[in-house]
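Below: the structure, in structure tokens.
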């Protein structure tokens, strides 16, 4: 199994676990002498199987990410860098939106508000970080489809 396939299965399992949890909640209480639409015990058994498979996949994915090197860096390091760059892009863009907001004055006597920072420079940094995120994501996606999952 390729790493990318394991990642897709993990995402599917997370969705299924959420759905099973919702269905269990809907069927765990019934009025006296009524039957639930679905057997909550069977749903719980299916939930346990999904959670066990998820644990297995998470462990295998982590082992694979820690063992796979791309240009001398582990996939784990690349994922951490990508996640940090996403935080940087988001923060910079929020900052640019605030600092670059136009504040109109209705009268000439009102206080003029100006940015205390160089907005274009910060926007450029945000754009550079966004490019880095795209490049890292592309490299990770390629590695995910080329790398065999370590399942032992």
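A short reminder: the numbers here are calculations on the coordinates, not readings from a lab. All figures in this text were calculated on a predicted structure; none of them were measured in a lab. Virtual Cβ from ideal backbone geometry, glycine too; neighbours counted across all protein chains shown.
Starting from the Cα gyration tensor of the chain, take the square roots of the eigenvalues, sort them a ≥ b ≥ c, and report rounded, prolate or oblate (rounded when a/c is under 1.5, otherwise prolate if a/b is larger than b/c, else oblate). Verdict is oblate for the chain.
Can you give the FRET efficiency to the nearest 0.05 for residue 59 and residue 11, using r as the Cβ-Cβ distance and R₀ = 22 Å? For R0 = 22 Å, the calculated efficiency reads 0.85. Expressed as a fraction of 2.2 N^0.38 Å, the C-alpha radius of gyration for segment 1-67 is 1.44.
What FRET efficiency would be calculated for the residue pair residue 86, residue 35, taking the C-beta separation as r and a Förster radius of 35 Å, to the nearest 0.05? List each step's numbers first, then the result.
On the way: r = 48 Å, r/R0 = 1.36.
Computed FRET efficiency for residue 86 and residue 35: 0.15.
Starting from 0.36 nm per residue, how many nanometres of slack lie between residue 101 and residue 21 once their C-alpha separation is accounted for? Show your work: numbers first, answer last.
On the way: separation 80, 0.36 × 80 = 28.80 nm, distance 4.40 nm.
Stretched fully, the residue 101-residue 21 segment lengthens by 24.4 nm.
Say R0 is 22 Å: what FRET efficiency, to the nearest 0.05, do residue 69 and residue 148 get from their beta-carbon distance? Efficiency at R0 = 22 Å is approximately 0.95.
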